[in-house]
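The values are calculated or read from the model by the stated rules, or taken from the named source; none is laboratory data. As the structure is a prediction and not an experimental result, all values here were calculated from the model. A quick note on method: Cβ atoms are made from the backbone with ideal geometry, for glycine too, and the neighbour counts reach across all protein chains shown. Surface accessibility is based on the protein's heavy atoms, side chains included, excluding ligands, DNA and RNA. Shrake-Rupley method; radii C 1.70, N 1.55, O 1.52, S 1.80 Å.
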Amino acid sequence: MSDGPRPPVPLNLDRVPGVLGRIVHERAADYAGADPTLGGARPRTHRFEAALRQPGLSLIAEVKRASPSQGAIAPLDPLDAALAYQAGGARAISVLTEPRHFDGTAQALRDVVGGVAVPALRKDFVVHPAMLREAAEWGASAALLMVSVLHEATAEYLHMAHHLGLDALVEVHDERELDIALEAGAPIIGVNNRDLTTLHIDLAVSPRLIRRARDAGFTGVLVAESGYRTPQDLGSVRELADAVLVGSSLAGSGDLTRAARDLMRA
Ligand SMILES: O=P(O)(O)OC[C@@H](O)[C@@H](O)c1c[nH]c2ccccc12
């Protein structure tokens with residue numbers, strides 16, 4: 001059996017600025033020396049993509065216990081939180097696995113995968129092929145790939161994710177990154193309203209880049225990410241995006257099922 005795509009050229013993480021730069025350097029150190037081989041190809045189920053393609057705006061609800069911008073959010077039990085989100089109508093669950101800034105763990109993802117019916121996304125700062133192999137081994141349906149980190153290696157990482165049977169949420173924050181994602185042939189593109197180098201949120205970013213993607217003829221799935229707290233906030237993407245990714249406002253709400261339901265009420 002083939003070992004799949006060749007290991008990619010090393011990433012140049014020194015170009016990544018600010019808070020994001022610090023985190024990706026830490027993650028790269030965590031995985032320095034890890035085995036980059038992927039193993040044999042796994043069948044793609046497109047489960048994550050199918051969940052987001054359902055009619056109406058799909059909710060990806062995030063298990064987020066802490067963040068660099070807010071510090072501690074809530075001491076959630078990951079599986080309880082995911083079940084509550086699912087009961088509130090979430091069509092997919094995003095699980096942070098980054099340990100230092102987001103209080104995430106591998107076990108959180110495994111617990112969620114084992115306990116919910118909807119697909120799960122590994123939300124981490126992927127800087128090494130081993131992180132994708134883990135995502136597949138832990139049962140995730142998808143992994144996050146950030147163009148701001150991977151740059152011209154985005155297509156290669158997308159190919160590796162697909163080889164492992166994973167869908168990829170390819171995240172962009174500006175026009176240049178969007179063009180890289182489109183060029184890479186990403187079937188699912190997420191537009192982050194938060195600039196991860198400064199943590200500043202601008203809800204105008206998602207509608208702007210989603211329009212640009214559609215104008216360029218993109219027929220894949222588009223996800224608006226970050227900063228959504230009220231149904232009114234969703235107004236600017238309701239008719240544009242296929243899905244919205246929401247973490248902090250749900251995770252810190254105290255009643256996750258109700259918060260999910262209330263947010264998505266048209
Ligand atoms: O908590 P918020 O503002 O609802 O955002 C959720 C999600 O978009 C955010 O956690 C996120 C988007 N892209 C990321 C990349 C890494 C870590 C976290 C993220």
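Tabulated data
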{"item": "Filtered residues of the stretch 175-204 (kept if under 20 Å from His151 (Cβ atoms), within 14 Å of the ligand (Cβ to nearest atom) and under 17 Å from the mean Cα position of the chain (by Cα))", "result": "Glu177, Ala181, Ile188, Ile189, Gly190, Val191, Asn192, Arg194, Asp195, Leu196, Thr197"}
{"item": "The stretch 178-199, residues that are of a type in the set (A, V, I, L, M) and either open to solvent by less than 30 Å² (accessible area, probe 1.4 Å) or at pLDDT 95 or above (or both)", "result": "Leu178, Ile180, Ala181, Leu182, Ala184, Ala186, Ile188, Ile189, Val191"}
{"item": "Options Asp202, Asp242; residue that is touching a helix residue (DSSP H, G or I) at 6+ places or on another chain (Cβ under 7 Å) and at pLDDT 95 or above", "result": "Asp242"}
{"item": "Test result for Arg122, of a type in the set (D, E, K, R), under 26 Å from Thr197 (Cα atoms) and in contact with a Phe, Trp or Tyr (Cβ under 8 Å, 6 or more places away or on another chain)", "result": "yes"}
{"item": "Single match in Leu250, Leu158 (criterion: more than 18 Å from Ala90 (Cα to Cα) and aliphatic (A, V, I, L, M))", "result": "Leu158"}
{"item": "Segments classed as helices (runs of 4 or more DSSP H), wholly inside the stretch 84-199, with at least 2 members that are touching a strand residue (DSSP E or B) at 6+ places or on another chain (Cβ under 6 Å) and free of Cβ contacts under 8 Å to residues at least 40 places away in the same chain", "result": "106-115, 154-163, 175-184"}
{"item": "Odd one out for Ala84, checked against (1) among the small types (Gly, Ala, Ser); (2) more than 15 Å from the ligand (Cβ to nearest atom); (3) more than 19 Å from the chain's Cα centre (by Cα); (4) surrounded by fewer than 20 Cβ atoms within 10 Å (Cβ to Cβ)", "result": "(4)"}
{"item": "Every residue from the stretch 210-231 that is in a helix (DSSP H, G or I) and either closer than 19 Å to Gly88 by Cβ or open to solvent by less than 10 Å² (accessible area, probe 1.4 Å) (or both)", "result": "Ile210, Ala213"}
{"item": "Pair list, Cβ under 7 Å, 6 or more apart: the stretch 239-266 residue among the acidic types (Asp, Glu), other residue open to solvent by less than 50 Å² (accessible area, probe 1.4 Å)", "result": "Asp242/Leu52; Asp242/Ser58; Asp242/Val221; Asp242/Leu222; Asp242/Val223"}
{"item": "Enumeration of residues in the stretch 232-258 that are small (Gly, Ala, Ser) and open to solvent by 20 Å² or more (accessible area, probe 1.4 Å)", "result": "Gly235, Ser236, Ser249, Gly252, Ser253, Gly254"}
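The rows are residues; the columns are (1) open to solvent by 10 Å² or more (accessible area, probe 1.4 Å); (2) at pLDDT 95 or above; (3) more than 21 Å from Asp35 (Cα to Cα).
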{"residue": "Leu76", "(1), (2), (3)": "yes, yes, yes"}
{"residue": "Pro99", "(1), (2), (3)": "yes, yes, no"}
{"residue": "Thr105", "(1), (2), (3)": "yes, yes, no"}
{"residue": "Ala120", "(1), (2), (3)": "no, yes, yes"}
{"residue": "His151", "(1), (2), (3)": "yes, yes, yes"}
{"residue": "Ala155", "(1), (2), (3)": "yes, yes, no"}
